[in-house]
Structure formats: structure tokens, C-alpha cells
1. Out of the residues in the stretch A:90-142 that are among the acidic types (Asp, Glu) and out of contact with any strand residue (DSSP E or B) (no Cβ under 9 Å at 6 or more places or on another chain), which is surrounded by the most Cβ atoms within 10 Å (Cβ to Cβ)?
2. When you scan the stretch A:281-291, do you find a residue that is within 21 Å of A:GLY87 (Cα to Cα) and more than 16 Å from ligand 2 (Cβ to nearest atom), even just one?
3. Would you mention how many residues in the stretch A:213-237 are within 16 Å of ligand 1 (Cβ to nearest atom) and open to solvent by 20 Å² or more (accessible area, probe 1.4 Å)?
4. Filter the stretch A:250-308 down to residues that are within 14 Å of chain B (Cβ to nearest Cβ), within 16 Å of ligand 1 (Cβ to nearest atom), out of contact with any Gly (no Cβ under 8 Å at 6 or more places or on another chain) and open to solvent by 10 Å² or more (accessible area, probe 1.4 Å), then give me how many there are.
5. Report whether or not A:ILE201 is within 18 Å of the chain's Cα centre (by Cα), away from ligand 2 (no atom under 16 Å from the Cβ) and within 14 Å of another protein chain (Cβ to nearest Cβ).
6. Report whether or not B:VAL264 is open to solvent by less than 40 Å² (accessible area, probe 1.4 Å), in contact with a helix residue (DSSP H, G or I) (Cβ under 8 Å, 6 or more places away or on another chain) and part of a helix (DSSP H, G or I).
7. May I ask you to list the residues in the stretch A:345-356 that are among the aliphatic types (A, V, I, L, M) and either open to solvent by less than 20 Å² (accessible area, probe 1.4 Å) or within 30 Å of A:ILE290 (Cβ to Cβ) (or both)?
8. Condition (residue is more than 29 Å from B:GLY323 (Cα to Cα) and among the β-branched types (Val, Ile, Thr)) applied to the stretch B:127-138: is it met by at least one residue?
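The values are calculated or read from the model by the stated rules, or taken from the named source; none is laboratory data. Note that the structure is a prediction, hence the values are computed from the model and not measured. All Cβ positions, glycine included, derive from the backbone under ideal geometry; neighbour counts span all protein chains shown. Note: accessible area is taken over every heavy atom of the protein model, side chains too, but ligands, DNA and RNA are not part of it. Shrake-Rupley method; radii C 1.70, N 1.55, O 1.52, S 1.80 Å.
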Amino acid sequence: MPMPDQNLTDNTMSSRREPVRSPEPVPLKLHVPEPAVRPGGKPDFSNIRIPRAGQVDRPNVDVDAEAIRDLAFSVIRVLNRDGEAVGPWAGALSESELLEGLRHMMTLRAFDARMQMAQRQGKTSFYMQHMGEEAVSCAFRKALLPGDMNFPTYRQAGLLIAGGYSLVEMACQIYSNTHDPLKGRQLPVMYSSREHGFFSISGNLATQYIQAVGWAMASAIKNDTKIAVAWIGDGATAESDFHAALVFASTYRAPVVLNIVNNQWAISTFQGIARGGSGTFAARGLGFGIPSLRVDGNDYLAVHAVAKWACERARRNLGPTLIEHVTYRVGAHSTSDDPAGYRPKTESDAWPLGDPVIRLKNHLIVRGAWSEERHKQTEAEILDTVISAQKEAESYGTLHSEQRPTARDMFEGVFAEMPPHLRRQRQEAGV
Amino acid sequence: MPRRTMIEAIRDAMDVMMSRDDDVVVFGEDVGYFGGVFRATQGLQAKYGTSRCFDTPISELGIVGIAVGMAAYGLKPCVEIQFADYMYPAYDQIVSEAARLRYRSNGQFTCPLVVRMPTGGGIFGGQTHSQSPEALFTHVCGIKTVVPSNPRDAKGLLISAIEDPDPVIFLEPKRLYNGPFDGHHDRPVTPWSKHDLGEVEDGHFAIPLGSAAIRRQGQAVTILAYGTMVHVAQTAAAEADIDAEIIDLRTLLPLDLDTIETSVKKTGRCVIVHEATLTSGFGAELCALVQTRCFYHLEAPIVRVAGWDTPYPHAQEWDYFPGPARIGRALIETLEA
Ligand SMILES: Cc1ncc(C[n+]2csc(CCOP(=O)(O)OP(=O)(O)O)c2C)c(N)n1
Ligand SMILES: [Mg+2]
């Protein structure tokens, strides 16, 4: 069937004077994107283009967004298959910093495993793990300075761990016990720590992305030196809040880093539903004139280097940067989810960017700074640390135990000062 | 008659309507291939294809916005918002658009759409998986609001909602999906298969919007409730040994005021129960209507039992939830007044 515009061309070009025939109408069809593979199929990531490590240039931080459009379609990588750090983005971290980074990722992984188990044992209601995405938040945190503020989602606990937040407090929040810094008000993992540059997590997706821009603008208004960092998942970029954040960040050149963690899935929905016809998530930034980069999210060194680059831009009044972290959610979305219903069980084994912990471990071994043996030993040490933090937290209670925030606590903190109607209600509740 | 859970009944209603009417389309977050996080749409995409049942980007504004456009075109979208707590981005499309389209275009464009959303607490979902925003909808002119309390009603009311020529908000109390809830969270859950209202007719059957159901006949006091609280109120009356008449409103707008009025005139007393926060809740509207209609028959002040005026907490869920003990105290207070 001829396309209507082809017909139009034919008619215009024709020298014969024929009556204009209207083109035959084409029945329209709804396009609904589908992932390459569903359960039962063979995992296939051949559609994901991955350049070799070290291939992508490192532009100056004051580069024009227009000049680096290609970075929104490539992937910045430092660690190659042999575990070497190569290319212009390599070399920013010392060996001891890398060893520390490895410990952070291992701690996050061990903590996740324990808390996941605690949820199964009924010690709390809910948990969300980071398996496969540890490098993103752990490495990014090391590019920040005291006073910078993150506006995280529920999958960036590495910001807390790499920032030295106490594992005991994290576990107390998860258990909603008497030592929970949020007094049992929030769902597990919805942490908040102003002191550690970790804004209170909402639970409503994307709402905080635009708030990060506001925080950054406030810093600029006050001629402060602190920057803000926004976080969002691939799926949640579909929310209007994301687009509003890009407009405002672009208009006011806010000192903010806008992160998208593309872990390929949004619960059961593959990233193609949110991405639509746009080649990549990073490409969303181009129309706003925001320098936009993609980075190998399973490469600790690459994430850190790109984070540093973007933070420097913000600190030097050069404005916002959009970063798409390309990674993979290895585990279930949450303890309420079972991915077997929507993706092949072996899909994570086929993920071409590997495992962030193993990749950094191998790099350190190649450098001669680490060994399998020391790794095993460290794993055991970290597990001990996590277990003792967990035990301490449990001594302050777990969700269904008697040791938990009181009914009286529930009425506090709605307002700075309790209004009379709440006072009456608290009285009526007898607490 | 077949027994169904509330989820199965809701799924069956959509299935029946999709098979009868090609214009019925179903979509939302995780709704297509996977069948929804509560599995309400499981199997519908396989049966009716991706043009009739599909996954959407995570944008509640987008979901309801395209539904308004489709409804105006002539389709009958029945969309899912994953949790009622996430409907706020869609609120402008509901309030300013769906609700007013018929009026402002003088009937040139109409909006026959249904927005389904799981609502209410009782699952340790914290402040973003527990809210009851019904009063935010009943306050809007031009939309109908439905809250079923059992599988049979859920199916019959959802079919009526899909067939309705105007926009309908369909709030599904998620605590009831798998069984009735008596308000005692520490007791084992009774499945719907052991409950009379778990019996649901096959095929097409409709319960008209705007009709309440009397769940228990009684003489001493009228209890007005909907959704989860219908079951909790039944427990409260039984435990306090009070001969209450319990009215399940089923639809909040349109409201079956005649059934309410007849009952309160008979009992002379009225207790209103909802899980949503107290201040400016739907109970305030009920209270105003009852006092206007029944003032000279009332023997005691009308009492409301509701969620406290705080965000829905996580750890203190059962201190927050208006359970049988609080309702029982209100019943006694009303009888002794
Ligand atoms: C406004 C809003 N809509 C829906 C949800 C329910 N929900 C929670 S997580 C999630 C998927 C998010 O996916 P993505 O943004 O990719 O983040 P990921 O979980 O993969 O880290 C959804 C739909 C929500 N929390 N908030
Ligand atoms: Mg995701």
C-alpha cells in the first residue's frame, strides 16, 4: 500500500493533468513496545550497544552540550575485560580509595542479604535490595562533599553506607523499633538523614527530582557552595516531575546532577515502555541543552569519574548534568515481587556489564593490591560487622515486637506545634 | 454459584465487559503482560491483545489523560492506578477534565471512563500504600465514587461503572482482596470462599450505582460504613452485643439517602465509620445529611469514627486504624447519650 506522502510526491511531480486522487486511507495501528524476550525465552541483550572500555573521550567540564551529543548515546567505561583501568576517564582514584569502595559495595550487598532474610523471618514488613547496582550509589557518594544533598530513591542506600552512616540506624529504621530515627512513621528503607546529605525518601516516585533542582537553586540564591543530586529510576522518568526538573534545571542552570538509574526494569515493565522512541534515557537531556552522558553503572571507576566531572560542573556554575547509569536489577523489585512472572530467570547471567563487585575485585587483583584469599577474608569480616549491627538493632525491637514507637509518637510531628484538634484526638485515643 | 476472591471478581467484571464490548480497553502500570501488581488484569492481555490491554509508562497523569482522550473519542477505558496514594499526579485530569467535559462542552464530548485504585490500609504499607482519598473525589462535581466491600458487589458495581456514561472512581479496599477483614489483625484471615458474598454470578450482572445494602437489620443504632469498615463495624456490633443496623453504602456518589433516612428514623441514632482521616472526610457530609433529614428523630448526637488526622504510620498501623474497640466505644456512647 503506498504511503500517503509518496502519493503526494507523485502527484506534484506529475506533468500530466490528472484529477488528484486522494490516497487510500491506511488503517491505523497501536504500537506497544515489547521486550526482546519473555519468560521461557533465551535472554538476549544483543540490542544493547556497548563500546570498549576507554573509548569515549573526556571533554572539558565547560564543554558545550551541543558538542558532546554523542555521549548521550555511548557508554563511558573504564574497566576492560581484563580488569585493567583504561582510557581518559581512568586514574582518578587511589588504591586505598578503590579498596574502600570495594568494602562499601560488599557491605551494602551483605546488609541487603541480611535484611532480605529478616523480612522473610517476619521481623519487618518489606525490603528492597540493590543487587547488581551497588556501584552506582557507592561510587557516586565519593564525588560529593560535606553539605551536598542527595534526593535519592529507595535503591541508593550506598549513599548512606559510603557516607559512613550507621548500619545500626539503618536496621532500626527497617525494623520500625524504639531506636528508629523516623519513629516508625516510614516504610522500611525510606531513610532520611539530613546530616548525611540524604533527603527524606517519599515513596511517591519522581516527586523529589524537581525538589533537588529547588535545593540547588536555593544554594545559588544564597551564594553557597553546596550542590544537589537528584536520583530517579528508568521507569519513573515518565512522570511529569522528571520533565519539570529538566526544564527548571536548564532555565536556571541549577547546580544539580540529575541521575537516571536505568536498571532495565520498572517492576514488571521493561525500560522500553518509559523510553519510547528516544534512543536512550540520557538523550532526554539534549532537548534541554543539558550535557548528557551514559556511564557503565557496573563499573565503580567509571561511575566515580563521571560523577566527579558532573559535580565539578555544578560547583563551577556551569549548570546541570544528566547522567544515565546503565545497569541491571538482578534481584526482585522488592520483597513483594517475583520476577519469574515477567522475565527469563537467567536474564541477569546474560547481562553484558557483569557484576560490579567482581569487576572491582578483579581490577584490584590485576593491580596486585588484592587477592581471592583477602577477598574471602574481608567478606567474612563484613558479614560479622553486619550481623553485629543487626543484632544490636534487634535488641531495640523488631516490627511486631513490643519494643516499637508508641501510639503517642504517631500524633507528634504532623505540625511544629500540635493544633487543638490533634490534641483532642490524642486524648480520645488515650495515649 | 462460583466462589471468587475480590480480585477474581474484579478481573471477571473486566473480562465480561471486554468480551461484550470492543470499546472497553484496560491499561495501567504493570497491567499488561504481568497482569497488575495485585493481578487484577491477569490474562486479559493474552485474551484480548495488546491494543486492548497494555502496560503504560509510570505516569498517572498520562494514564488518566489518555483515558480522557479515548473516552471522548468513544472508547470505554477502565484504567488502573497502582495505589490510590499515587493518583495525585492524575488529579488535575480527573477534577478539571474528566469531571467537567460533559458540562463544559454541553454534551458534545463525554467521558465514560473508570479509574480503579486499590485503597485503604491494613497491610503495613506505610503512608504511600494506605490512604483513603474518597472525599477528594466526592467533593468534585461530575464524577461518581464507588467503594465495594465484597466480591459480589465488586463485580456488579464494576460492570455498572464501565457501562456508566460518566467518569467513575472505583476504590478497591486492598485489605479485602483475599478475604473479609473483621478488624482483628492478629487473627487468621477468613478466605472469601467461606463467605456468602464470595459467591459471584457468572457472566454479565450489574448492581446499579446509587443503591446501598443493609448488611444487618437492627433497632438500636444505624451504622453507616463502606469498604473494609463494613466488616469491622459488623464485628464491633457483635462484640459489643448491640442490635445495630449496618448500612453498606457501596456508592458514595450517587448516595442512597432514602435507605439511610429510613434506617436512622427507625433507630434514632447514627454512627458513621470510615478509615480515612476525620477532618473534612466523607463522614462530615453524611453527618450533615443525616441531621438535616432526621433531626427530629435523633435521640443522640451523630458520632464519627475515623482515622486520626495524621499521615498513615507504618509501625503504629493498628493504633491508627479505627478498629472494633473504638467503634464499640462509639456505639455504647451513642446508646448511653
Ligand atoms: C507516583 C508513583 N506511581 C507508582 C508507584 C509504584 N511503584 C513503585 S516502584 C515502581 C517502579 C519504579 O521503577 P524504576 O523507576 O525503574 O525504579 P527501580 O525500582 O527499577 O529502581 C512503581 C511503579 C509509586 N511508588 N509512585
Ligand atoms: Mg528501573
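1. A:GLU134
2. Yes: one or more hits.
3. Residues that pass the stated criteria total 1.
4. 5
5. Criteria not met by A:ILE201.
6. yes
7. The one that is among the aliphatic types (A, V, I, L, M) and either open to solvent by less than 20 Å² (accessible area, probe 1.4 Å) or within 30 Å of A:ILE290 (Cβ to Cβ) (or both): A:LEU353.
8. No: zero hits.
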